[in-house]
Amino acid sequence: MTPIKERKADHIDICLNERVEPGYCYWDDIKLIHNALPEVNADKIDMSAYVLGKKLKFPFIVTAITGGFPGAKKINENIAIACSELGIGMGVGSERAGIAGIEPDSYSVIKEYDIPLVIGNVGAPQLVRQHSKDIFSKDDIGKAKDLIDADVMAVHLNFLQEIVQPEGDTNAEGCFNAIRELAKDYPIIVKETGAGISKEVANRLKGTGILGMDIAGMGGTSFSAVELYRAMADGDIIRTNMGESFFDWGIPSPVSLLEAKNGLPLIASGGILDGIHVASSIAMGACCAGAAHAVLREATESPEAVTEKLTLIREELRAAMLLTGSSNVKQLSKARYIVLGETKKWLEGLLWTQKNI
């Protein structure tokens, strides 16, 4: 198995079998206010939503998981079948391997299914790598888009992973300009990968021409943790210790969602586990929610298992909409909520900092 294939297989194995999440669920800190007299018929609730110009049957995306090794084809196909059946969005893992000719069918298999919103994937570091042969050119972005018939390409800001990964790409110079140039020619969103997007970064990105952001905050899969286990297996003491130190680095997802609100469409991901979390993210300002780890095990099993898990999330969302008196997603976006726990402490800390520093 080539190094790229091996690394991608390692990521899936680690996410299935090791602890890769911080252990605190920040979305549970968001409590929607119950409506005891909702005047809503659950059977008539309209959960549809337009996300990045595409109509989804409910506001959810199975975000980037994998591609580029033999086992990825089954995972992506199982997800694609479920997303097609349920009418929701789907992303794929980094397409660098696919356009290099490494297991391209592990990505392109999803083209066989009618998915309303398909999101491609390129890592921001690959836009500015030092060795010219490794830089993702605009033509490469086009190839990645065509490989899966993507509606939108996501540029992944995965520097936390890269700095811990032994073979990581740690040059971030020029990424901002590269994103701005790409957005002139392609429909682009920017996606964090588990550490969140701050107000300052969100405001910088707003003027680049991107279509939106996936805030992907801390609370879900920590790729620092994923790389920790790889480094441990390789006997790399430095990277193992770094992975431990940065295990819970980042901005909690609900905090990042509030931080990043600036008028651009926002996808809320990072620790989303159920339909109540989806409802909470909509109430807090997201256009939709996304999750990957929540369906990963099912994706290794069968399309039916994925469909069942996603149907549960959909029905939990329906219940939350009924219990907040929301007959559609627009009304849900105005639902009242309170913030408790560690998320409240984070928000209070940010407020104190703004006033005193």
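Worth a mention:
- Look at where the Cα atoms of segment 49-106 and of segment 180-230 average out, and the two centres are 18 Å apart.
- Net charge of Cβ neighbours under 13 Å - reference ALA289; Lys, Arg +1; Asp, Glu -1: -2
- Taking Lys and Arg as +1 and Asp and Glu as -1, the other residues whose beta-carbon sits under 15 Å from that of ALA299 total -2.
- Between the beta carbons of LYS184 and ASP114, assuming R0 = 45 Å, the FRET efficiency works out to 0.95 to the nearest 0.05.
- Net charge dipole size for segment 88-183 [Lys, Arg +1 and Asp, Glu -1 on Cβ; Debye, nearest 20]: 240
- In plain terms, the chain from HIS34 to GLU167 could stretch by 43.0 nm, reckoned as 0.36 nm per residue minus the Cα-Cα distance.
- The accessible-area ordering, largest first, of the residues VAL190, VAL201 stands as VAL201, VAL190, per a 1.4 angstrom probe.
- Residues of the chain: accessible area per residue with a 1.4 Å probe, Å²: 43
- With the simple spin-label model, which puts each label point 7 Å out from Cα in the Cβ direction, the LEU16 to SER48 separation comes to 3.7 nm.
- In the chain, the longest principal axis of the Cα atoms and the axis of helix 341-356 are about 80 degrees apart.
- Signed unit charges on C-beta, dipole axis of the chain, positive-most listed residue GLY196, LEU147, PRO265: PRO265
- Note on the chain: antiparallel DSSP beta bridges, both residues inside, total approximately 20 percent of the bridges counted.
- GNM flexibility winner over the chain from LEU322, LEU340, LEU32 (Cα, springs under 10 Å): LEU340
- Neighbourhood net charge (14 Å Cβ-Cβ; Lys/Arg +1, Asp/Glu -1) for ARG204: 0
- Backbone geometry of segment 87-95 corresponds, through the Karplus equation with coefficients 6.51, -1.76 and 1.60 at θ = phi - 60°, to 3J(HN,Hα) couplings of x, 10, x, 8, x, 10, x, 3, 8 Hz, x marking Gly and Pro.
- Between LEU312 and TYR337, the contour length at 0.36 nm per residue exceeds the alpha carbon distance by 6.8 nm.
- Residue among PRO104, GLY275, PHE246 farthest towards the positive dipole end of segment 4-355, charges placed on Cβ: GLY275
- Distance between the C-alpha centres of segment 7-27 and segment 296-318: 18 Å, rounded to the whole angstrom.
- In sequence order, calculated HN-Hα J values of segment 20-25 (Karplus, 6.51, -1.76, 1.60; Hz; x Gly/Pro): 10, 10, x, x, 10, 9
- Loop-resident sites, segment 30-102, for GluC sites (Glu not before Pro), counting at most 15 other Cβ within 10 Å (DSSP): GLU39
- Per atom type, the chain shows carbon and sulfur on 51% of its accessible surface, probed at 1.4 Å.
- For the chain, the dipole from Cβ point charges (+1 on Lys and Arg, -1 on Asp and Glu) about the Cα centre works out to 1180 debye, to the nearest 20.
- Contact order for the chain, expressed relative to its length and based on alpha carbon pairs under 8 Å spaced 6+ residues apart, stands at 23 percent.
- Cα-projected label distance for ASP149 with ASN41, points at 7 Å along beta-carbon direction, nm: 3.6
The values are calculated or read from the model by the stated rules, or taken from the named source; none is laboratory data. Quantities reported herein were computed from a predicted structural model and do not represent experimental measurements. For neighbour counting, all protein chains shown are included, and Cβ atoms are generated from backbone atoms with ideal geometry for every residue, glycine included. When the accessible area is computed, the model is the full protein with side chains, heavy atoms only, and any ligands, DNA or RNA have been set aside. Shrake-Rupley method; radii C 1.70, N 1.55, O 1.52, S 1.80 Å.
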